[in-house]
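To start, the structure itself, in structure tokens.
The values are calculated or read from the model by the stated rules, or taken from the named source; none is laboratory data. Computed from a predicted structure; not experimentally measured. Cβ placement follows ideal geometry from the backbone for every residue including glycine, while neighbour counts extend to all protein chains displayed. For accessibility, only protein heavy atoms count, side chains too; no ligands or nucleic acids. Shrake-Rupley method; radii C 1.70, N 1.55, O 1.52, S 1.80 Å.
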Amino acid sequence: MIEDIYYLNNGYPMPKVGLGVYKIAEEEMEQAVTAALDAGYRAFDTAYFYKNEIALGNALKKSEVPREDLFITSKLWNDYQGYNQTIEFFTKSIENLGTDYLDLFLIHWPCEADGLFIESYKAMEKLYEEGRIRAIGVCNFNQHHLEKLMEATEVVPAVNQIEVHPNFNQQALQEYCDSHDIAVTAWMPLMRNRGLLEYDVITKLAERYNKTPAQIVLRWHLAHNRLVIPKSKTPERIKENYDIFDFNLELTDIAEIDSLNKDERQGNDPDKVRIGTLK
Ligand SMILES: NC(=O)c1ccc[n+]([C@@H]2O[C@H](COP(=O)([O-])OP(=O)(O)OC[C@H]3O[C@@H](n4cnc5c(N)ncnc54)[C@H](OP(=O)(O)O)[C@@H]3O)[C@@H](O)[C@H]2O)c1
């Protein structure tokens, strides 16, 4: 489906909707992956930190979908930042996933105070030049982190994966990323189903468009030029979260969801996370 594809700043195609697999347990993975592939997903977002790279790799292998049709993202964990460690870590990560390349490899957190993200990224640039990663990028980078990174390195990050949802719309960072052709992927796009999907504004729109609240929120992200990686282990929800390409939100409805912004983060603050603080 053409509408499902976002062309990254190096021309590499990335599906706009991927399955986030944080908190999908090993024993739940095969069912989730099968449901996702059946629904049309080809992108999967994991990380060493999620402790399920092996399970994801096994489930994908079992599906027999050709590797070149899949888009696999993983992330460099904080404790492995540093030039040599990044190369070693990447090798371990692709071994876990049972693949010889990643479509996208991201720095998980800047951990700026530890001073290693630039050399970590330089190692990723080397892996990218060698063709072992199709695109490289970052997660949880604020504007000042991106400026520092881009001043010291060659390859503009293809992606910045950040917390975004209607209560925390990150408008300024989104505009900065848009202006540098850095694709924003929303993590926690559904605000982890902590109340957002019951907001009046969302349920009324769901009724009017004959879609579900989750579909309204995901479509709102796409309208803002973002990619999304909703997590679900539930087959019906996995299907529902992909079924968002048959409608468009009107501008006034997008603005109504925008008005839910409270600049309220649910997850960790990227300026506070340091190597070793997240377990
Ligand atoms: N880079 C980073 O630092 C970072 C941080 C956090 C997350 N992420 C990535 O982003 C992905 C998504 O974020 P997230 O897992 O934090 O939150 P999320 O996708 O906003 O929410 C997941 C929660 O919403 C529920 N849900 C999913 N679809 C639903 C639907 N259609 N209706 C109602 N409830 C629904 C899920 O329940 P069930 O599973 O029970 O169905 C789960 O409890 C993660 O899996 C991970 O890949 C990245």
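At a glance:
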{"read-out": "C-alpha long axis of helix 213-223 to longest principal axis of the chain, angle in °", "value": "60"}
{"read-out": "Selected from ALA36, PHE49, THR212, residue furthest toward positive end of dipole (the chain; charges at beta carbon)", "value": "PHE49"}
{"read-out": "Residue-normalised accessible area of segment 2-158, given per residue in Å² at a 1.4 Å probe", "value": "42"}
{"read-out": "Evaluated at q = 0.11, 0.12, 0.16, 0.20 Å⁻¹: base-10 log I(q)/I(0), Debye formula over Cα of segment 143-279", "value": "-0.44, -0.52, -0.87, -1.24"}
{"read-out": "From phi via Karplus (6.51, -1.76, 1.60), per-residue ³J(HN,Hα) for segment 197-202 in Hz, x at Gly/Pro", "value": "6, 9, 4, 3, 4, 6"}
{"read-out": "Cα-based helix-to-principal-axis angle, 26-39 vs the chain, degrees rounded to 10", "value": "60"}
{"read-out": "Relative contact order (%) - the chain, alpha-carbon pairs under 8 angstrom, separation at least six", "value": "21"}
{"read-out": "Charge sum, other residues only, whose C-beta stays under 11 Å from ALA35's C-beta, Lys/Arg counted +1 and Asp/Glu -1", "value": "-2"}
{"read-out": "Solvent accessible area, Å² - HIS108, 1.4 Å probe, full protein context", "value": "10"}
{"read-out": "ILE275 accessible area, assembled protein chains, probe 1.4 Å, Å²", "value": "60"}
{"read-out": "Accessible area of segment 60-176 belonging to carbon and sulfur atoms, whole % at 1.4 Å probe", "value": "46"}
{"read-out": "Nearest-ten-degree value, helix 117-129 long axis tilted from longest Cα axis of the chain", "value": "90"}
{"read-out": "Alpha carbon centroid spacing (whole Å) that separates segment 129-152 from segment 196-225", "value": "31"}
{"read-out": "Equivalent ellipsoid semi-axes, the chain, via Cα gyration tensor eigenvalues times 5, rooted, Å", "value": "28, 23, 17"}
{"read-out": "Rounded to the nearest 10 Å², the accessible area of ILE5 at probe 1.4 Å", "value": "50"}
